[in-house]
């Protein structure tokens, strides 16, 4: 097992090295600066927006979790985290569409509508998973009372 981990780590480090080399070879200084700014923005969005929101939601859910099975709280947190991360990934496309690019094929499609559909799908899946977890918890509680 340790050998497999070392192999995976070595392959990962080699791929990162290849990425850095191609990054330095293929991009101009201006493009590299743009990537650095984008990465810094991603860190700021993560630390200034996503982490506080997830922390507040977690605190609220943990309070409500006294009445809910912990698995339901975990499913809701997971749904919110996935939705927040996917929203953060779609925001640049929404901004690009709002600026009306000269070439409309650069950002084709209705990203706002797709994001809304994505959130509806996440809510439905979280609700279904929570219902199944709640049903199984009640069923298990009834069985243990009979015994």
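The values are calculated or read from the model by the stated rules, or taken from the named source; none is laboratory data. A quick note: this is a predicted structure, and the numbers were derived from the prediction, not measured. When we count neighbours, we look across all protein chains shown, and the Cβ atoms used for this are built from the backbone with ideal geometry, even at glycine.
A few remarks follow.
- Within the range 119-147, being surrounded by 13 or more Cβ atoms within 10 Å (Cβ to Cβ) and farther than 25 Å from residue 66 by Cβ holds for one residue alone: 119.
- Search result, residues across the range 89-116 that are within 21 Å of residue 45 (Cα to Cα) and in contact with a helix residue (DSSP H, G or I) (Cβ under 8 Å, 6 or more places away or on another chain): 90, 93, 94, 97, 111, 112, 115
- Scanning the range 54-69 for residues that are exposed (fewer than 13 other Cβ atoms within 10 Å of the Cβ) and assigned to a helix (DSSP H, G or I) gives 55, 56, 59, 60, 63, 64.
- Taking the criterion of being assigned to a helix (DSSP H, G or I) and touching a helix residue (DSSP H, G or I) at 6+ places or on another chain (Cβ under 9 Å), the residues of the range 14-30 that qualify are 23, 24.
- Taking the numbered list (1) surrounded by 12 or more Cβ atoms within 10 Å (Cβ to Cβ); (2) in contact with a helix residue (DSSP H, G or I) (Cβ under 9 Å, 6 or more places away or on another chain); (3) part of a helix (DSSP H, G or I) in turn, residue 34 passes all entries but (2).
- Exactly one residue out of 82, 53 is under 18 Å from the mean Cα position of the chain (by Cα) and within 30 Å of residue 20 (Cβ to Cβ), and it is 82.
- Being part of a helix (DSSP H, G or I) and within 30 Å of residue 138 (Cα to Cα) is a property that residue 86 lacks.
- Remark: pairs (first residue in the range 62-78, in contact (Cβ under 8 Å) with a residue 24 or more places away in the chain; second residue in a loop (DSSP other than H, G, I, E, B); Cβ separation under 9 Å; 6+ apart in sequence or on different chains) = 72/65; 76/68.
- Answer residue from the range 91-118, given it is surrounded by fewer than 15 Cβ atoms within 10 Å (Cβ to Cβ) and within 16 Å of the chain's Cα centre (by Cα) and is farthest from residue 76 (Cα to Cα) among those: 92
- Residues of the range 89-112 satisfying the condition of being assigned to a helix (DSSP H, G or I) and free of Cβ contacts under 8 Å to residues at least 12 places away in the same chain: 89, 91, 92, 95, 96, 98
- The one condition in (1) at pLDDT 90 or above; (2) touching a helix residue (DSSP H, G or I) at 6+ places or on another chain (Cβ under 6 Å) that residue 72 fails to fulfil: (1)
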